[in-house]
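**Q** First the structure, which I've put down as structure tokens, then a few questions once you've had a look.
All of the numbers you see were taken from the coordinates with simple rules; none came from a lab. Small disclaimer: the values here were computed from a predicted structure and weren't measured. Please note: Cβ atoms are built from the backbone with ideal geometry, for glycine as well, and neighbour counts cover all protein chains shown.
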Amino acid sequence: MSEYYKPLPKQTPTSRPFWEAARRHELILQQCGACRAFIYYPRDRCPKCFSDNLGWERVSGRGKVYSYTVVRRASSRVFADAPYVLAIVELAEGPRMTSNIVAAPEDVRVEMPVQVFFDDVTPDHTLVKFKPA
Amino acid sequence: MSLKGKAAAIGIGELKPVKEPGDLTALGLTARVAAEAIADAGLEKKDIDGFLVGVPFSDPGMIYPASAAEVLGLNVRMLNQVDIGGASPAGMIWRAAAAIDAGMCSAVLCIVADLNKVGDQRPPVISVQREFEAPYGNLGANCGYAMIAHRHMYEYGTTARQMAKVAVDQRSSALKNPLATFNDKPLTIDDVLNSRMIVDPLHLYEIVSPVSGGAAVIVASPELAKRAKNPPIWLLGAGEYANHSTITYAPSITESPIKPAAEAAFKMAGLQPKDMDLACPYDCYTITVIVTLEDAGFCKKGDGGPFVMEHDLTYAGDFPCNTHGGQLSFGQAGLAGGMSHVTEAIRQLMGRGGERQVKGAALGYVNGNGGIMSEQSSLVLERKS
């Protein structure tokens, strides 16, 4: 197996539960105990109401493609395996996240339903990606 | 409180961008363009008592303003870096006016220069973008604007031909701009659509080209402006807004923070978009112009595509827009790309547009756009009759 050479997420104390859940193949999001908003990416206070009463909830992993692009030429050499589909996924619970849709580029559409999957890119790192539902 | 009529642009400097930086340095270009702007304003270096500067990607460093001021040999009463991406140059103009109005200084050198290369020290990327964007390949600006374009096409039916028209009309104006990087041959819509697809749906000719260059504006107090050698171009209105950095986390990716920025600028000026004689919206990509024209109020939301087809955006047209060619034809020398919209508006309002002069231009709108439709800074400028 060739060595993984792309950027890896460098965890912080704030984000560690998210990435540890991904390694267990679970998608969890912070939820604000005050305004009930789901939050992505992990924060120290709710970006909507600024409460620090934040907990973690397992979520459905369902979403839709809010928008996407097919990167045919990447601005960094480490993504020389272009084309790849970069997308903004709108999760069923509300937040949007940057991710990849792993599908044939010509099959991807705005508003297309997608489902989470977990890509174990290294023994220590799992990325949260999506495929057509 | 208002900045309306509290300061004026009295001089500009702008270098012809070059593709290959060769032996140039960002500080060297800064000195060249500073000298040009100070001479154009009819001032001497000792008259400059305020300094707003953008940090070049090719030579980033902390405590940059004092270091650059030292290289130029300036003694200043106000100095700072403006770090709001492509909105920095427009943002400098109102910050200069605010400092002048507050009595801190009287002649501010607003300046940006950069090279088309990364320096020894790469500009750092903030931790949250390294953690949540880079692993998925959300790198640089192309991807975000491509996703804006796709969503805009989905929501409003905007077409590839409509987006291409922006690049085509701006190129027509660039043919009359000796400073523009791409001023040798016209473009057609088919040329744009036949150029290489880089990030769907954006083609090569819809994306700015990095170049090396620099630009500067001198903003002066009313006292200095009244005895300036150039017609002073007054700041009538300014507005700024940001609600995200990475486009994924914007409330909407098709309705930008340009709306509140432009509304604030027009409100301060007591004017409306229809009063403008020319528009200089930031154009890192074709879609940026369409979204800006909508959100600044030049047309209804979603009508930007039909609007650019129905209007002639060239210097001779019914809606003169980015008459220097826009950055798409002028080239993007780092933050100096954003300054090109400011210098062009000032040049046109001063009546120095040469072969591409917009006849009778007295009022201009400028928008600076940073990051992925993130930081927005709008200006309304006037040449008083």
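**Q** State whether region B:234-333 is rounded, prolate or oblate according to the following rule on the C-alpha gyration tensor (a ≥ b ≥ c being the square roots of its eigenvalues): a/c under 1.5 gives rounded; otherwise a/b larger than b/c gives prolate, and the remaining case gives oblate.
**A** Cα axes put region B:234-333 in the rounded bin.
**Q** Further, regarding this structure: Averaged across B:143-153, how many Cβ atoms of other chains sit within 10 Å of each residue's Cβ atom?
**A** 5
**Q** Give B:Lys165/B:Lys267; A:Lys48/B:Lys300; B:Lys229/B:Lys359 a once-over and call out the pairs whose C-alpha atoms are over 23 Å from each other.
**A** B:Lys165/B:Lys267; A:Lys48/B:Lys300
**Q** If you project the alpha carbons of region A:1-78 onto the principal axes, what extent comes out on each, in Å, largest first?
**A** Computed over the Cα atoms, the extents are 44, 28, 22 Å.
**Q** Between region A:77-116 and region B:58-109, what's the alpha-carbon centroid distance in Å?
**A** Between the Cα centre of region A:77-116 and that of region B:58-109, the gap is 41 Å.
**Q** OK, next. Could you tell me which of the pairs B:Lys176/B:Lys274; A:Lys64/B:Lys259; B:Lys46/B:Lys274 are separated by over 30 angstrom between their Cα atoms in the structure shown?
**A** Among B:Lys176/B:Lys274; A:Lys64/B:Lys259; B:Lys46/B:Lys274, the Cα-Cα distance tops 30 Å for B:Lys46/B:Lys274.
**Q** Using a cut-off of 11 Å between beta-carbons, work out the net charge of the residues near A:Pro7 (Lys and Arg +1, Asp and Glu -1, A:Pro7 not included).
**A** Spelling it out: positives minus negatives among the neighbours equals +1.
**Q** Still on this structure, please answer the following. Based on other C-beta atoms within 10 Å, arrange A:Leu54, B:Leu29 from fewest to most.
**A** Placing the least packed residue first, the sequence is A:Leu54, B:Leu29.
**Q** Roughly how compact is region A:16-132, stated as its Cα Rg over 2.2 N^0.38 Å to two decimals?
**A** Here the Cα radius of gyration is 1.12 times the empirical estimate.
**Q** Related question: Using Cβ contacts closer than 10 Å as the measure, can you line up A:Glu26, B:Glu70 from fewest to most?
**A** Fewest to most other Cβ atoms nearby, the residues stand as B:Glu70, A:Glu26.
**Q** Per the Kirkwood formula on distinct C-alpha pairs, the Rh of chain B is how many angstrom?
**A** Final number for the Kirkwood radius of chain B is 20.4 Å.
**Q** I'm checking a number: the convex hull volume of the Cα atoms of the protein assembly as shown, normalised per residue, in Å³. What is it?
**A** Measuring per residue, one finds 150 Å³ for the Cα hull of the protein assembly as shown.
**Q** What percent do you get for the relative contact order of chain A when only Cα pairs under 8 Å and 6+ apart count?
**A** 22 percent
**Q** Let me ask something additional. Cα to Cα, under 18 Å, and not fewer than 8 places away if on the same chain: which lysines meet these conditions relative to B:Lys19?
**A** B:Lys117, B:Lys185
**Q** Go through region B:97-111 residue by residue and turn each phi into a ³J(HN,Hα) via Karplus (6.51, -1.76, 1.60, θ = phi - 60°); whole Hz please, and just put x for glycine and proline.
**A** 4, 5, 5, 5, 5, 7, x, 7, 6, 10, 9, 10, 8, 9, 8
**Q** Sorting A:Arg73, B:Arg151, A:Arg24 on the 10 Å Cβ count, fewest up front, what's the list?
**A** Result, fewest neighbours first: A:Arg24, A:Arg73, B:Arg151.
**Q** Tell me, what ³J(HN,Hα) does each residue in region B:12-22 have, in order and in whole Hz, if you take phi through Karplus 6.51 cos²θ - 1.76 cosθ + 1.60 with θ = phi - 60° and put x for Gly and Pro?
**A** Working through the residues one at a time gives 9, x, 7, 8, 6, x, 10, 6, 9, x, x Hz.
**Q** Here's another thing I want to ask about it. Once you average over the residues of B:237-249, how many Cβ atoms of partner chains fall within 10 Å of each Cβ?
**A** Partner-chain Cβ atoms within 10 Å, mean over residues of B:237-249: 2.
**Q** Using each residue's phi in region B:139-151, evaluate 6.51 cos²θ - 1.76 cosθ + 1.60 at θ = phi - 60° and report the 3J(HN,Hα) Karplus result to the nearest Hz, with x for Gly and Pro.
**A** Per-residue couplings from phi come out as 10, x, 9, 3, 4, x, 5, 5, 5, 4, 4, 4, 5 Hz.
**Q** May I ask you to list the aspartates and glutamates whose Cα is less than 13 Å away from that of A:Lys10, ignoring any residue fewer than eight positions away on the same chain?
**A** A:Glu20, A:Asp124, B:Glu131, B:Glu133
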